[in-house]
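The values are calculated or read from the model by the stated rules, or taken from the named source; none is laboratory data. Since the structure is predicted, the reported quantities are computational estimates derived from the model, not experimental observations. Neighbour counts are summed over all protein chains in view; Cβ atoms, including those assigned to glycine, are modelled from backbone coordinates with ideal geometry. These area figures cover heavy atoms from the full protein model, side chains too; ligands, DNA and RNA do not enter into them. Shrake-Rupley method; radii C 1.70, N 1.55, O 1.52, S 1.80 Å.
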Amino acid sequence: MAKSMPADKRPATVKSKRESPRSEERAGRLPADRLLEMLYFMRLQRAVEDRGVKLYYQGRIPGAYFTGWGHEAIVVGAAAALAPDDLLAPMHRDLAAYIMRGITVGEVFAQFLDREGGPTRGRDGNVHMGDPRRGILPFISHMAASVPVAAGMALACRQRGEARVVLTFFGDGATSTGAWHEGVNFAAVFRLPVVLVLENNQYAYSTPLDRQTAAQAFVDKAAGYGIPGVAVDGNDVLAVHEAAAAAVVRARDGAGPTLIECRTLRVRGHSEADKFSYVPKALLEEWAARDPIVAFEERLRAWGVLSAEIDEAMQFRVAQDVEDGLAWAEASPEPDPATVTHGVYAEE
Ligand SMILES: Cc1ncc(C[n+]2csc(CCOP(=O)(O)OP(=O)(O)O)c2C)c(N)n1
């Protein structure tokens, strides 16, 4: 029978922090090459998805196509906090995180185009990918279904004596599902090394926040599970990174999960099939003016980190990576129908 935790080992009542300080103060804490690497991955996500949108409208991507437009600071800031052996349970807005954890741009395009070279070898729909060998839980479509699995992965790591942390992303809509509550509660009770990153993009498909929760803020839910919660500006990559890095340290130290609420706006449709006419124009304009990539570029220029030469070379590299990746994917064969049952079971 599991022993209950002695009272003195329990965390003191945890309060949610509503907002962390602005990132200007933190610029000096990360070396320039790390800051530039973050910008590269943010730009790469946008560029790969931009090409993905074009491929989708050309009819070359089967099924629905999703982007993380406006989420890049959350995805990159959080994923950059992980150590090489840590584990990731991403969702449909988190493209850069897959690439940062080792899936190549070529494999991403092969996945989009349903080719043999994609992580699911052409078996699953475009953004539904992952690779357990590279520590990425294949994305479970059902909202928040990855959260209990992330908790289970963290438990397995602990039982094996591995000091690994599991970071999982989910949306505001996902927090209303039973799987989310069960997963967060389990991780909290057993103080599992999990980092819970909420991408609050203000809409779950067409459902706005006031139809999603009666709480004043999602971050306040953390207290109900006895875990800390911190709310950050989801368009500020350094604010997200600082919160995620602190949560990773906490998780690795055995202090359990942290909920990080990152606020942004989904500035495109839920998928490309959604014209998102339900999002007020003024709200879209307000957040479009706060584009996370542009905001980070401006800061890096002001801090003398992003010179014109570095900027140009990075833009060239991003464009080249997209071209090379797409060419690699196009050269990858379509899956052979005779192999359709291969890979259904682990031994194949
Ligand atoms: C259990 C379940 N219900 C409904 C869906 C269909 N669905 C997929 S994503 C989504 C909205 C998700 O909203 P949110 O969690 O806020 O993430 P976002 O898409 O906004 O990033 C819905 C309704 C699903 N996949 N699983």
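Looking at E285, E272 in this structure, which one is in contact with a helix residue (DSSP H, G or I) (Cβ under 6 Å, 6 or more places away or on another chain) and of a type in the set (D, E, K, R)? Can you show your working first?
Numbers: E285 fails: in contact with a helix residue (DSSP H, G or I) (Cβ under 6 Å, 6 or more places away or on another chain).
From the options E285, E272, the qualifying one is E272.
From the residues in the stretch 186-205 that are open to solvent by 30 Å² or more (accessible area, probe 1.4 Å) and closer than 23 Å to L95 by Cβ, which one is farthest from the ligand (Cβ to nearest atom)? I'd like the intermediate steps shown before the answer.
Filtering the stretch 186-205 down to residues open to solvent by 30 Å² or more (accessible area, probe 1.4 Å) leaves 186, 189-191, 202, 205.
So of that shortlist, the ones also closer than 23 Å to L95 by Cβ come out as 202, 205.
Numbers: Q202: 8, Y205: 5 Å.
My answer is Q202.
Return the residue satisfying two criteria in turn: it lies in the stretch 70-99 and is open to solvent by less than 10 Å² (accessible area, probe 1.4 Å) and over 11 Å from the mean Cα position of the chain (by Cα), and of such residues it is nearest to A231 (Cα to Cα).
Across the stretch 70-99, the extreme among qualifying residues is G70.
Among the residues of the stretch 269-276, is any among the polar types (S, T, N, Q) and either within 30 Å of Y56 (Cα to Cα) or free of Cβ contacts under 8 Å to residues at least 12 places away in the same chain (or both)?
Yes, that holds for at least one residue.
I need the full set of residues from the stretch 100-115 which are open to solvent by 10 Å² or more (accessible area, probe 1.4 Å) and in contact with a Phe, Trp or Tyr (Cβ under 7 Å, 6 or more places away or on another chain), in order please.
Scanning the stretch 100-115 gives a single hit, M100.
Sort out which residues of the stretch 149-185 are in contact with a helix residue (DSSP H, G or I) (Cβ under 9 Å, 6 or more places away or on another chain), within 14 Å of the ligand (Cβ to nearest atom) and small (G, A, S), and write them in order of number.
Those that are in contact with a helix residue (DSSP H, G or I) (Cβ under 9 Å, 6 or more places away or on another chain), within 14 Å of the ligand (Cβ to nearest atom) and small (G, A, S): A174, A179, G183.
Please state which of the following conditions W287 fails to meet, knowing it meets all the rest: (1) buried (at least 17 other Cβ atoms within 10 Å of the Cβ); (2) touching a residue at least 24 places away in the same chain (Cβ under 8 Å); (3) under 23 Å from T168 (Cα atoms).
All conditions pass for W287, except number (3).
On the basis of being at pLDDT below 95 and either within 24 Å of V248 (Cα to Cα) or in a loop (DSSP other than H, G, I, E, B) (or both), does V14 make the cut?
Yes.
Among the candidates G229, G183, G118, G135, which residue alone is surrounded by 22 or more Cβ atoms within 10 Å (Cβ to Cβ), within 30 Å of T339 (Cα to Cα) and not polar (S, T, N, Q)?
Criteria check complete, one pass: G118.
State all residues of the stretch 150-170 that are in a helix (DSSP H, G or I) and more than 16 Å from the chain's Cα centre (by Cα); if no residue qualifies, say none.
Correct list: A151, G152, M153, A154, L155, A156, C157, R158, Q159.
Condition first: of a type in the set (S, T, Y) and in a helix (DSSP H, G or I). Now tell me which residues in the stretch 171-187 satisfy that.
Across the stretch 171-187, the qualifying residues are T175, S176.
Look through the stretch 311-344, keep the residues that are surrounded by 13 or more Cβ atoms within 10 Å (Cβ to Cβ) and among the β-branched types (V, I, T), and return whichever of them is nearest to F296 (Cα to Cα).
V318
List the number of the failed condition for M314; all other conditions in (1) part of a helix (DSSP H, G or I); (2) under 29 Å from A64 (Cβ atoms); (3) within 23 Å of the chain's Cα centre (by Cα) hold.
The one condition M314 does not meet is (2).
Given the conditions (1) away from the ligand (no atom under 11 Å from the Cβ); (2) under 16 Å from P90 (Cβ atoms); (3) not charged (D, E, K, R), which single one is not true for A214?
Against the list (1) away from the ligand (no atom under 11 Å from the Cβ); (2) under 16 Å from P90 (Cβ atoms); (3) not charged (D, E, K, R), A214 comes up short only on (2).
Tell me which of these A223 doesn't satisfy, since it passes every other one: (1) more than 26 Å from I61 (Cβ to Cβ); (2) over 17 Å from the mean Cα position of the chain (by Cα); (3) surrounded by 20 or more Cβ atoms within 10 Å (Cβ to Cβ); (4) in contact (Cβ under 8 Å) with a residue 60 or more places away in the chain.
(3)
From the set of residues in the stretch 48-69 that are open to solvent by less than 30 Å² (accessible area, probe 1.4 Å) and more than 12 Å from the chain's Cα centre (by Cα), which is farthest from R34 (Cα to Cα)?
Across the stretch 48-69, the extreme among qualifying residues is I61.
Inside the stretch 63-95, can you point out the residues that are more than 13 Å from N200 (Cα to Cα) and among the basic types (K, R)?
Matches in the stretch 63-95: none.
Here is a yes/no grid of residues against (1) farther than 24 Å from L55 by Cα; (2) at pLDDT below 95:
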residue: G77; (1), (2): yes, no
residue: L82; (1), (2): yes, no
residue: D86; (1), (2): yes, no
residue: R93; (1), (2): no, no
residue: A97; (1), (2): no, no
residue: M100; (1), (2): no, no
residue: F109; (1), (2): no, no
residue: G117; (1), (2): no, no
residue: S141; (1), (2): no, yes
